[in-house]
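The values are calculated or read from the model by the stated rules, or taken from the named source; none is laboratory data. Quantities reported herein were computed from a predicted structural model and do not represent experimental measurements. A quick note on method: Cβ atoms are made from the backbone with ideal geometry, for glycine too, and the neighbour counts reach across all protein chains shown. Note: accessible area is taken over every heavy atom of the protein model, side chains too, but ligands, DNA and RNA are not part of it. Shrake-Rupley method; radii C 1.70, N 1.55, O 1.52, S 1.80 Å.
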Amino acid sequence: MTISKINAISSKPFAHKEDLLAFYRKELPQRVGDFRLDEVGPIMSVGSQEEIEGYLVNRFSFNGLTMDMGDTIDWYGTPNGDLEWNGGFVRHGHMMYMADAYEKSGDEKYAAAIVNQMLDYIRKMPVYNPEGKPYLTYKQSTWRPFEVAGRAAENWPVVLAKIINSKSMTADAFTEIFYSIYEHAQFLSVHHWRNGNHACLETAGLGVMSVFYKELKDAARWRTYAVDFLMTMLDEQFHADGYTQEMSGAYHWIAMRNFFAFYDVALHNHVENIFPEKYIAYIQKAAFAELYQQKPDFSLPVTNDSNVTTQHKAQLKKLTHLLGKDVVAYRLSNTAQGTKPVHNSYFFDAAHVGIMRSDWHDDAVYASFDMGRWGTNHMNEDQLGLEVSAYGRNLLVNCGRWRYTTSPGVSWLDKAQYFKTTAAYNSLLCDNLCQMPADANGSMQITEHFDYAKGVFDGGYGFESAETNEALLKEKGLTSAKICTVDHTTHTREVFFAKPDFFIVRDTLKSDAPRSATQIWHMAQGSVTQHGTACVYSNFEDANFVMMQLNAPKAELFQGSEEPFKGWNCPKYDCLVAAPELNFTLSGKETLVFETLIFPVRGKVDVSALPVFEKSVQEKEDIYSVKYAGKTVRISAGAQWKLL
């Protein structure tokens, strides 16, 4: 690589390669500062010392799966056929942990390994031409724009800022790396996706690179283009209430981190004036959406490709200047400092997501209720899904994402597909069929003493087509379309939160013919005990739930069952654990009604002091009563639910 080739792409001329390196040795660490994004995953390094030492000898471990490559790195490698493993590998996030080790120890072996691996990748994997290539071929190339941005815009800058002053970073090596950075940016400017969060991550990455390497001759054009493109994507990515259009608890942050990262880098480098006011207003609304959706333990609603162990406490810290330091301090200090957010419970009135919360303590009683859109990406059949947390534990939790279904032909695809279906969510099956892809709708009333939400799904029920759909695979991450076999059927779910003690859930399935309906409840772990015919409870030491049913549905419990495949939870990507699943079934009528009490309990359940759940009818209105701890709470469930 000659200096003349560098000068052909740089607006600042350099006399020698050594001048290029000297310039960026001074500038790059300052420009990067404390910039460091959480990896987009889902497969990544955890940064353990054992993993880091393995990277030095080309032994790569991500999510518990290892490939020992010996003397020759296979940049196409994947140990189990899951292309997500390779994606995590070629985004080079593992290099950040080696750079951390170098920064901490000063040991050149870490810097040397990084430089060698970077150059190995650059020399073996030249810029790819994706024109006319099938999506999976493109993804396997390591040059899908998502990987390009993750590698060159998110991870490489952090790595280079830490090791650029090492002895291992020679002028020849940096010159070659610098030219590759230009190639990566140029590739993104041409081939970035045009819709979805990938498009935003990729163009935001282009913008970030234009700030870190502003001497590149096209940097100003890239920066302007990135801002303009992201402005056009705001309405596609976010509802008017700030919630992600992808309707995913975990991917809300992924959607906003792209916009936020570019803004944060610009702010650090004193060029934040490139953003219109609308841009900043949108990411501020998205920041508050992240705050309000979070569970008491900082985890997120498990909707549309999320996992229960994903926690965003660190992300909340990053958003301090958008949320206000007093609000963030209140949340992070468990209410000991700062100022309480304006709302406890919150309804996203455009996305139709309801959050019920007793308070902001880490042992608050909480529920998330998805009454919303199908989503624009990462969609699962999770409409009207409900999750409950209380007293420091996530009690009722949707199964979560196991593996992505974008690796057709692998033996585990059907199992991965299961976790995208309604069967993996705390919702309702009709005739043992899952929901069709469709929007739900809903509303919510928030008062001082109770919250009430009502969601409706009438999109039908059906099964998967056997044919792979290339367009759905690329644009939506779906392998196939679905075939509807049950139409003219409406599921209405009503959730009443008697603050701060309990929830009543009423599920009504109405159809044009007699049906069966199965109400499903999942847990992340633990065990349950059935008490009589209408009561079950969990068995943790610290916090539990008691669930009671009226109308005597048939009850079944599954945990780690292979046939039928039921009773599983995915605490993180590519992790599968046996967990309780409760099924309650009613059948034989055109209208089927489940009436369910969910009663959180601090500590172990005392079976001698179980609540009493009853229903009566007064003046044609259902009256629910719950007796516990020496008191009786009565709820009128008419056209408007209310406490009596």
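Partners of Lys566 within straight-line reach, counting lysines whose Cα lies under 24 Å from its Cα and excluding those fewer than 8 residues away in the same chain: Lys415, Lys420, Lys482, Lys554. Enclosing the Cα atoms of the stretch 199-352 in their convex hull gives a volume equal to 111 cubic angstrom per residue. The spacing between the stretch 62-131 and the stretch 366-414, judged by their C-alpha centroids, is 31 Å.
From largest accessible area down, sort Glu562, Glu581, Glu448; use a 1.4 Å probe on the protein chains. Walk me through the intermediate numbers first.
Values: Glu562 105, Glu581 0, Glu448 150 Å².
Output order, biggest surface exposure first: Glu448, Glu562, Glu581.
In deg cm²/dmol and to the nearest 500, what is the mean residue ellipticity at 222 nm of the chain if only DSSP H runs of at least 4 residues count, each as -39500 (n - 2.57), divided by the residue total?
Values: 19 runs with 208 residues, N = 644.
Computed ellipticity for the chain at 222 nm equals -10000 deg cm²/dmol.
Sort Lys17, Lys217 by accessible area with a 1.4 Å probe, largest first.
On the way: Lys17 50, Lys217 110 Å².
Reading off the accessible areas and sorting them downward yields Lys217, Lys17.
Measuring max minus min along each principal axis, the C-alpha atoms of the stretch 6-93 give extents of 47, 29, 23 Å (largest first).
Taken over the C-alpha atoms, the stretch 225-309 has Rg and Dmax values of 13.3, 39 angstrom.
Using a probe radius of 1.4 angstrom, the carbon and sulfur fraction of the accessible surface of the chain is 50%.
For Trp374, the residues whose amide H sits under 5 Å from its own are Asp439, Ala440, ignoring neighbours fewer than 5 places away on the same chain, with H placed 1.01 Å from N. Ligands, DNA and RNA aside, Tyr182 has an accessible area near 30 Å² when probed at 1.4 Å.
Counting alpha carbon pairs within less than 8 Å and at least 6 residues apart, what relative contact order, in whole percent, applies to the chain?
On the way: 1371 pairs, mean separation 56.4, N = 644.
Dividing the mean separation by the residue count of the chain yields 9 percent.
Using the alpha carbons alone, the radius of gyration of the stretch 500-641 stands to its Kirkwood radius in an Rg to Rh ratio of 1.00. The heavy atoms of Arg194 present about 120 square angstrom of accessible area, all protein chains included, probe 1.4 Å. Legend: residues Lys133, Lys572, Lys139, sorted from most to least accessible area (1.4 Å probe; ligands, DNA and RNA excluded), read Lys572, Lys133, Lys139. What whole-number distance in Å separates the alpha-carbon centres of the stretch 258-322 and the stretch 332-359? Result: 16 Å between the Cα centres.
With all projection directions averaged, the alpha carbon convex hull of the stretch 179-234 covers 3.3 nm².
Site pair Tyr128 and Lys26 shows an inter-label distance of 3.9 nm when each label is modelled 7 Å from Cα along Cα→Cβ.
Per residue, the convex hull spanned by the Cα atoms of the chain amounts to 155 cubic angstrom. Given their separation in residues at 0.36 nm each and the Cα-Cα distance between them, Lys313 and Ser4 gain 106.5 nm when the chain is fully extended. Taking amide H atoms as placed 1.01 Å from N in the peptide plane, the amide H of Leu395 lies under 5 Å from those of Val388, Ser389, Ala390, each 5 or more residues away in sequence or on another chain.
Just the ratio, please: alpha-carbon radius of gyration of the stretch 94-137 over 2.2 N^0.38 Å, N its number of residues.
On the way: Rg = 15.4 Å, N = 44, 2.2 N^0.38 = 9.3 Å.
With N residues counted in the stretch 94-137, Rg over 2.2 N^0.38 Å equals 1.67.
At 27 Å minimum axial length over the Cα atoms and a Kyte-Doolittle cut of 0.0, report the qualifying DSSP H helices in the chain, or say none. Helix filter hits for the chain: 171-191. For the stretch 307-432, the spread of Cα positions along the three principal axes, ordered from largest to smallest, is 52, 30, 29 Å.
In percent, what relative contact order does the stretch 340-497 have, based on Cα pairs under 8 Å that are 6 or more apart in sequence? Write out the running numbers ahead of the final one.
Numbers: 352 pairs, mean separation 31.8, N = 158.
Computed over the stretch 340-497, the figure is 20 percent.
A simple rule links phi to the HN-Hα coupling: the Karplus curve 6.51 cos²θ - 1.76 cosθ + 1.60 with θ = phi - 60°, which for the stretch 339-356 gives 10, 5, x, 4, 10, 8, 6, 8, 10, 7, 6, 9, 7, 6, 10, x, 10, 10 Hz, with x for Gly and Pro.
I'd like to check one number: the per residue accessible area of the chain, probe 1.4 Å, reported in Å² as a whole number. It would help to have the intermediate numbers written out before the result.
Working: 23780 Å² over 644 residues.
It amounts to 37 Å² per residue over the chain.
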